[in-house]
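The values are calculated or read from the model by the stated rules, or taken from the named source; none is laboratory data. Because the structure is a prediction, the values reported are computed rather than measured. Quick reminder, even Gly has a Cβ in these numbers, built from the backbone with ideal geometry, and neighbours come from all protein chains shown.
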Amino acid sequence: MADPDIDFADVQGTILRGYRVDLARHFVLGISDPAGVRTLLAALVDGSGGLPAVTTALRVEPKPPCFLNVSFSCAGLAALGLSADQLKTFDPAFQRGAASPVTADSIGDTGSSAPQYWLGGLGDGAQVHMLLSVWVTESRQVLDAVSAKLRAAWAGSLRELYVQDATALPDNKVHFDYRDSIAQPNVKGAPDSKRMAPDDQEVVATGEFLLGYANQSNGVYSVTPAQLSTNSSYAAFRILEQDVAAFNAMLQQYAASTGLDPELVAAKFCGRWRNGNPLELAPEAQGPVLPDEQLNNFHYVTTDIATDDTLGLKCPIGSHIRRNNPRDAKVNGTDAAHHRIVRRAMPYGPAYDAAKPDNIPRGLIGYFINANVANQFEFLTSQWNNQAEFVKAATGPGGSADGNAVYNISGQDIFSGVNDPVSSFTFAGKGAKGSGNTVINGFGRTIVTRGSVYCFFPSISGLRYLAGLG
Ligand code: HEM
């Protein structure tokens, strides 16, 4: 059965559209007065009372000065009036929440990343109810003016638990100096993206990102009440602090021990050079930035001997982008298309200057969006990022004498793995059973979790329904 067209006016914008802005402010909020919050929601849906309207997936030209989206934790939906029976129909991971010990253990929020160390009391999931994010195209003044209006509107109804601004770095870089925001899933029926690097990967079913549509397994994720089901979505909101000095030191240390150039070590960890070029297309040297139409247009496994990289000789099987989207490589369980996520994150904190070292917190903050937290975000973090055993045995065109994929990955993801106290990363070389490989270990975690919320983005009609409760 063909999917119905998506009603973009009923979908919160950030789910299907990248806003491509330079500034954001994320408010993590607790509900003190549910009636006051319902009144606020009604105003935000309509954009009345001088407040900006919740941004939808409809493209508006010219670009508006500000974008706004709103989501709720399970405790937040309960505070607004959903019954325990209704909440039982939601994604079990969402019900459990990001701060639950079960979640933390499963996805690697342990040790220094444990909820007890999170900012703003976010580790106490029961008091975290609502997230409101504002993105602006122009200036901090606009952001401050919008924030002032919002704060006046929610005074007495919402408690600000934690507020964090995000600021884009030049060339869409993240704090480890890699270019980001290149790869996103092609979602069936989503608005065309002018800026997304095109590729010929499988178009992913709408139901992987929106409730109420067929997903990759031909099922439909839904919740009760029906008003909250179609066009809603879930996300993991993450605050991930990056230790740039430690990461740079790690590059130098392992460049020295392997004899590789530090920039090549950086590229092997990520799967892309710091300028964004993928190792699959630029295996030897980073070279000039490839045109947009090439940047994401590559495969790991092909039938062409010249381009096949089943063994990870060009792009390591354990690199960040290959773990998070193995594309056509053979993996245990279902294929890559069943576990895609939309990433809407931006750097926070000032750029690190190695000439003037400091301890100012900096990292990446934002949403990892999906229709099933357990099967998408949690699957990626708990399995593909934190295990090496998900890769299926496979030999390249040269046969087993050249090696087998299962021997060419070890340890956990450099960026989102636990990596402490045991860490390992494999630079694959030709040779049977990993005999040509170089393996490094002994590195710690350079990214720690400083906060996390599993949240539900209601559709616009769902927000209207919540506003009318009680
Ligand atoms: C501070 C933490 C992180 C940093 C610095 C980081 C950095 C990067 C970079 C530089 C890229 C390549 C740019 C691109 O392909 O668009 C990338 C891609 C990606 N990352 Fe991360 N990342 C982080 C956390 C995560 C987490 C927690 C997840 C998932 C749970 C994740 C999932 C992905 C995915 C799915 C891709 C695209 C892969 C593809 O389709 O080829 N990342 N990341």
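Within the option set Asn385, Asn372, being under 21 Å from Arg450 (Cβ atoms) and within 16 Å of the ligand (Cβ to nearest atom) holds for one residue only, Asn385.
Screening Asp85, Asp33, Asp46, Asp22 for residues that are acidic (Asp, Glu) and within 27 Å of the chain's Cα centre (by Cα) leaves exactly one candidate, Asp22. Could you list, in sequence order, all residues of the stretch 371-387 that are surrounded by fewer than 21 Cβ atoms within 10 Å (Cβ to Cβ) and among the small types (Gly, Ala, Ser)? The answer is Ala374, Ser382. Return yes when Asp261 is closer than 27 Å to Gly403 by Cα and at pLDDT below 95 and no when it is not. Against the criterion (closer than 27 Å to Gly403 by Cα and at pLDDT below 95), Asp261 does not qualify.
Among the residues of the stretch 384-398, some residue qualifies, meaning at least one is assigned to a helix (DSSP H, G or I) and not assigned by TED's automatic domain parsing to the domain that holds Gly76. Among the criteria (1) in contact with a Gly (Cβ under 7 Å, 6 or more places away or on another chain); (2) in a loop (DSSP other than H, G, I, E, B); (3) near the ligand (Cβ under 10 Å from one of its atoms), the one Arg322 does not fulfil is (2). When each of Val453, Val418 is tested for being over 14 Å from Leu311 (Cβ atoms), in contact (Cβ under 8 Å) with a residue 60 or more places away in the chain, within 15 Å of the ligand (Cβ to nearest atom) and surrounded by fewer than 23 Cβ atoms within 10 Å (Cβ to Cβ), the lone residue that passes is Val418.
Kindly indicate whether any position in the stretch 45-56 is touching a strand residue (DSSP E or B) at 6+ places or on another chain (Cβ under 8 Å), under 27 Å from Ala166 (Cα atoms), of a type in the set (A, V, I, L, M, F, W, C) and not in a helix (DSSP H, G or I). Looking for residues that are touching a strand residue (DSSP E or B) at 6+ places or on another chain (Cβ under 8 Å), under 27 Å from Ala166 (Cα atoms), of a type in the set (A, V, I, L, M, F, W, C) and not in a helix (DSSP H, G or I), one finds at least one in the stretch 45-56, hence yes. Among residues of the stretch 58-78 that are closer than 27 Å to Pro92 by Cα and in the same structural domain as Ala42 (by TED's automatic domain parsing), none has a Cβ under 7 angstrom from a residue that is at pLDDT 95 or above and among the basic types (Lys, Arg) at a sequence gap of 6+ or on a separate chain. Would you check if Ala354 is of a type outside the set (Lys, Arg) and part of a strand (DSSP E or B)? Spelling it out, it is not the case that Ala354 is of a type outside the set (Lys, Arg) and part of a strand (DSSP E or B).
For the stretch 136-177, a residue qualifies if it is assigned to a strand (DSSP E or B) and under 24 Å from the mean Cα position of the chain (by Cα), and the qualifying residues are Val136, Glu160, Leu161, Tyr162, Val163, Gln164, Asp165, Ala166, Thr167, Lys173.
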